[in-house]
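Q: Handing you this structure, nothing more for now.
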Amino acid sequence: MSTSDRSDDDLVRELARAVAVHDPVPAELLVFAREAFTWRTVDAELAELVADSSAAAGAGLRGPADVRLLSFIVGEQQLDLELLVDGGARRLVGELTPGRPALVVVEHAGGSLTQDADELGRFLVTGVPAGRLRVRCEPAGGTPIVTPWLDA
Amino acid sequence: MTGAEVPTADLVAAAAAGDRAAWDALVGRYAGLVWSVARGHRLQGEDAADVFQTTWLRLVEQLSRIREPERVGAWLATTARRECLRVLRRSGRETVSRAETMEAVPDDAPGFDVGLVRAEQHEALWHHLQTSSDRCRRLLRVLIADPPLSYTEVAEVLEMPIGSIGPTRRRCLEQLRRRLAEAGVDVDL
């Protein structure tokens, strides 16, 4: 290793110290990362996002006319979601295919909202706070599924 | 299993099996890297927090599906970069203002046992890192990670050709040294 390589390594090490002093990970974010472990789901299968109308346009809903359509698949189960702006909140219209009754739980940063899907697997959840959310569906007699976290 | 000697892949496997201490160890090992990717993209405040939080939630989601658990650092950095691009797209900008360079130094910065001169050097280093080109700042923030990523991983994370990592690093450090010298800062490096 040449002298300049060695002094480059020294400078990188010194940069690391400067960053540790001037831009450390905020303490509350470290707490969040540790606590994120409690969101681990061992009993539900993770549904894969297969379509997102906002993928091209940029994530998030901007105005009252905006609708975001999302589709998820896991195994034989499909879940379609429609996200609409509803004042300061979000309205969520969903449908399970094949259709079947299910318990639907919308988890968000501040808690969760529970709703039943009808015989055809359709559901409506209103008053969902804007921000990060995921949807968990527990079909009668089937394996629960959960979507990845979405930025809504 | 939390010691520094525990292989990363073992921590991932243990966390996937429900071992909380292993998860905490992963956070301890890679939180700085994830934060550096967000901050390297000039994100601040809620945007930087959003990227950081989403990245760790994604790892929780994917824990049992990580294909190369020994490379989870690169996986986290890549996920964080993708989230950065999402956040930047959402706010309709490619780069943000340079206002963050004016940010005050947090009061609760960890107390390193360094003399006043050393503290001034760090302040100067930090300032010149922040005002470096996007390319240099992003690269250097990833390169300071401890444990370090391999050049192959760095290339993947930043979508740069692997052959350019070494030369770009050298150039960025040269520029940094020159600017420090111009500013009359003696970093002795």
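Q: Out of the residues in region B:158-185 that are without any contact (Cβ under 8 Å) to a residue 40 or more places away in the chain, within 13 Å of chain A (Cβ to nearest Cβ) and of a type in the set (D, E, K, R), state the one that is farthest from residue B:40 (Cα to Cα).
A: Ranking the candidates gives B:178 first.
Q: Condition first: at positive phi and within 18 Å of the chain's Cα centre (by Cα). Now tell me which residues in region A:108-130 satisfy that.
A: A:111, A:127
Q: Same structure, new question: Out of (1) more than 10 Å from every other protein chain (Cβ to nearest Cβ); (2) closer than 26 Å to residue B:18 by Cβ; (3) small (Gly, Ala, Ser); (4) open to solvent by 20 Å² or more (accessible area, probe 1.4 Å), what's the single condition that is false for residue A:53?
A: (2)
Q: Testing residue A:34 on (1) out of contact with any Asp or Glu (no Cβ under 7 Å at 6 or more places or on another chain); (2) open to solvent by 50 Å² or more (accessible area, probe 1.4 Å); (3) not aliphatic (A, V, I, L, M), one condition comes back false. Which one is that?
A: (1)
Q: Can you name the condition, by its number, that residue B:95 falls short on among (1) at pLDDT 90 or above; (2) away from every other protein chain (no Cβ under 12 Å); (3) touching a helix residue (DSSP H, G or I) at 6+ places or on another chain (Cβ under 8 Å)?
A: Going through the list (1) at pLDDT 90 or above; (2) away from every other protein chain (no Cβ under 12 Å); (3) touching a helix residue (DSSP H, G or I) at 6+ places or on another chain (Cβ under 8 Å), residue B:95 breaks only (1).
Q: Scan region B:51-78 for residues that are in contact (Cβ under 8 Å) with a residue 40 or more places away in the chain and in a helix (DSSP H, G or I) and jot them down.
A: B:63, B:64, B:69, B:70, B:71, B:72, B:73, B:74, B:76, B:77, B:78
Q: What number of residues within region B:1-32 are more than 8 Å from chain A (Cβ to nearest Cβ) and open to solvent by less than 10 Å² (accessible area, probe 1.4 Å)?
A: Of the residues in region B:1-32, 4 are more than 8 Å from chain A (Cβ to nearest Cβ) and open to solvent by less than 10 Å² (accessible area, probe 1.4 Å).
Q: Out of all the residues in region A:102-151, which are open to solvent by 10 Å² or more (accessible area, probe 1.4 Å), assigned to a loop (DSSP other than H, G, I, E, B), over 16 Å from residue B:60 (Cβ atoms) and not acidic (Asp, Glu)?
A: Listed by number, the residues that qualify are A:110, A:120, A:130, A:131, A:140, A:141, A:142, A:143, A:144.
Q: Which residues, taken from region B:153-189, are assigned to a helix (DSSP H, G or I), under 23 Å from residue B:118 (Cα atoms) and either in contact with a helix residue (DSSP H, G or I) (Cβ under 6 Å, 6 or more places away or on another chain) or not basic (Lys, Arg) (or both)?
A: Answer for region B:153-189, where residues must be assigned to a helix (DSSP H, G or I), under 23 Å from residue B:118 (Cα atoms) and either in contact with a helix residue (DSSP H, G or I) (Cβ under 6 Å, 6 or more places away or on another chain) or not basic (Lys, Arg) (or both): B:172, B:173, B:174, B:175, B:176, B:179, B:180, B:181, B:182.
Q: Identify all residues within region B:136-157 that are more than 7 Å from every other protein chain (Cβ to nearest Cβ) and among the β-branched types (Val, Ile, Thr); write none if there are none.
A: If the condition is that a residue be more than 7 Å from every other protein chain (Cβ to nearest Cβ) and among the β-branched types (Val, Ile, Thr), then B:142, B:152, B:154, B:157 are the ones that fit.
Q: Follow-up. Examine region A:96-118 for a residue that is within 14 Å of another protein chain (Cβ to nearest Cβ), at pLDDT 90 or above and closer than 19 Å to residue A:151 by Cβ, and state whether such a residue exists.
A: Within region A:96-118, one or more residues are within 14 Å of another protein chain (Cβ to nearest Cβ), at pLDDT 90 or above and closer than 19 Å to residue A:151 by Cβ.
Q: Let me ask you something else. Can you pull out every residue in region B:139-158 that is among the acidic types (Asp, Glu) and either closer than 20 Å to residue B:174 by Cβ or at pLDDT below 95 (or both)? Give the steps one after another, and end with the answer.
A: Initial filter on region B:139-158 (among the acidic types (Asp, Glu)): B:146, B:153, B:156.
Hit for region B:139-158 is B:146, nothing else.
Q: Does residue B:48 fit the bill of being part of a helix (DSSP H, G or I) and either within 11 Å of chain A (Cβ to nearest Cβ) or surrounded by fewer than 20 Cβ atoms within 10 Å (Cβ to Cβ) (or both)? Spell out the reasoning first.
A: Values: part of a helix (DSSP H, G or I): yes; either within 11 Å of chain A (Cβ to nearest Cβ) or surrounded by fewer than 20 Cβ atoms within 10 Å (Cβ to Cβ) (or both): yes.
So residue B:48 fits the description; yes.
Q: Also: I want to confirm something. Restricting to region B:122-135 and keeping residues that are open to solvent by 10 Å² or more (accessible area, probe 1.4 Å) and assigned to a helix (DSSP H, G or I), which single residue is nearest to the other protein chains (Cβ to nearest Cβ)?
A: B:126
Q: Which residues, taken from region A:1-22, are open to solvent by 60 Å² or more (accessible area, probe 1.4 Å) and modelled with pLDDT of 90 or more?
A: The answer is A:13, A:17.
The values are calculated or read from the model by the stated rules, or taken from the named source; none is laboratory data. This structure is a prediction, so every number in the text was calculated from the model and none was measured. All Cβ positions, even for glycine, are placed from backbone atoms using ideal geometry, and neighbour counts span all protein chains on display. Accessible surface is based on the protein model in full, side chains and every heavy atom, while ligands, DNA and RNA are left aside. Shrake-Rupley method; radii C 1.70, N 1.55, O 1.52, S 1.80 Å.
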